[in-house]
Amino acid sequence: MKPPIVLAAFGTSTRAKATYDLIDAAYREAFPGHEILWAYTSRTVASKVNKRSDEQKLHPEEVMDMLASQGHEWAVVQSLHLAWGHEFFRLKDDVQHEKVRASMGLPLLTSPEDCMEVAEDLARFFDSPEDEAQVFVGHGTDHPAWAMFTAMGSILKDMYGDRAFMGVLEEGYPDREVLINKLLVQGYKKARLIPFLLVSGMHFAKDLAGKKDSWKVKMEEAGIQVETENIGLGQSPAVIQMFVRHTREALHLVPL
């Protein structure tokens, strides 16, 4: 019996389904014979989705209990987080089970090679006028993993020059104020806002492109003309295949 694969996402109450469907299809093609299951690490999001859907979303603990009841001894749990932040380590704790052992598939960005591979995939955003800055904005975290965003910013600048910028919505560096100041210092009057998020959901609609106190509003108030790109990283086939690779690595640790 091949070990089941549990795809664990934080979850989002908007716009997630199309992205998750793409990931699910890729996993079913890459891992024939393996049961593919989903888990939401956010109980709040799962509860909201469950209230309006016939298909119930489970927490990782609930998925592991179900697998134990089916007689499984091993499972691969693939984190769909971008970095090794609080959510990943909570997931690792949540899937510890007395009957089912979990081999963890690592988050998207866990090595310099991962960061460079994602940066290469973002080349499509740089086929644009030289006077337009490309501003990628991630979630941010107060976990030490916040440094991943500055690493990505550095790699993007190495690859694409001074038009590349990386910022964060919440905890971390650089925040909105710092990044807008960087754009102004470098003389940019045009910018494209791009979500550095798995799913372009509520954070994009409200925090990046919203009509009140959003990145777009504040950049325009500073005299910068802004275009938005409403697509998350999870829509990219290359990014999905990176997660698949991490899952294969986790599978190699499961005894046959």
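Within segment 165-175, is even one residue closer than 28 Å to Ala16 by Cα, modelled with pLDDT of 95 or more and more than 16 Å from the chain's Cα centre (by Cα)? Yes: segment 165-175 contains one or more residues that are closer than 28 Å to Ala16 by Cα, modelled with pLDDT of 95 or more and more than 16 Å from the chain's Cα centre (by Cα).
Here Ile231 fulfils each of the conditions (1) closer than 21 Å to Ala164 by Cα; (2) of a type outside the set (S, T, N, Q); (3) without any contact (Cβ under 8 Å) to a residue 60 or more places away in the chain; (4) open to solvent by less than 50 Å² (accessible area, probe 1.4 Å) apart from (4). Could you list, in sequence order, all residues of segment 212-223 that are more than 27 Å from the chain's Cα centre (by Cα) and of a type in the set (A, V, I, L, M)? Ala222, the sole residue that qualifies. The sole residue among Ala238, Ala209, Ala164 that is over 23 Å from Pro144 (Cβ atoms), hydrophobic (A, V, I, L, M, F, W, C) and either free of Cβ contacts under 8 Å to residues at least 24 places away in the same chain or open to solvent by 80 Å² or more (accessible area, probe 1.4 Å) (or both) is Ala209. Got at least one residue in segment 2-11 being modelled with pLDDT of 85 or more and open to solvent by 30 Å² or more (accessible area, probe 1.4 Å)? Scanning segment 2-11, I find at least one residue that is modelled with pLDDT of 85 or more and open to solvent by 30 Å² or more (accessible area, probe 1.4 Å), so the answer is yes. Any residue at all in segment 178-201 that's modelled with pLDDT under 95, in a loop (DSSP other than H, G, I, E, B) and among the charged types (D, E, K, R)? Looking for residues that are modelled with pLDDT under 95, in a loop (DSSP other than H, G, I, E, B) and among the charged types (D, E, K, R), one finds none in segment 178-201, hence no.
If you filter segment 108-123 down to residues that are in a helix (DSSP H, G or I) and under 13 Å from His246 (Cβ atoms), you find that the one that is farthest from the chain's Cα centre (by Cα) is Glu113.
The values are calculated or read from the model by the stated rules, or taken from the named source; none is laboratory data. Just so we're clear, the structure is a prediction, and the values are computed from it rather than from any experiment. As a convention, Cβ positions derive from the backbone with ideal geometry for all residues, glycine included, and neighbour counts pool all protein chains shown. Heads up: the accessible areas ignore ligands, DNA and RNA and are worked out on the full protein's heavy atoms, side chains in. Shrake-Rupley method; radii C 1.70, N 1.55, O 1.52, S 1.80 Å.
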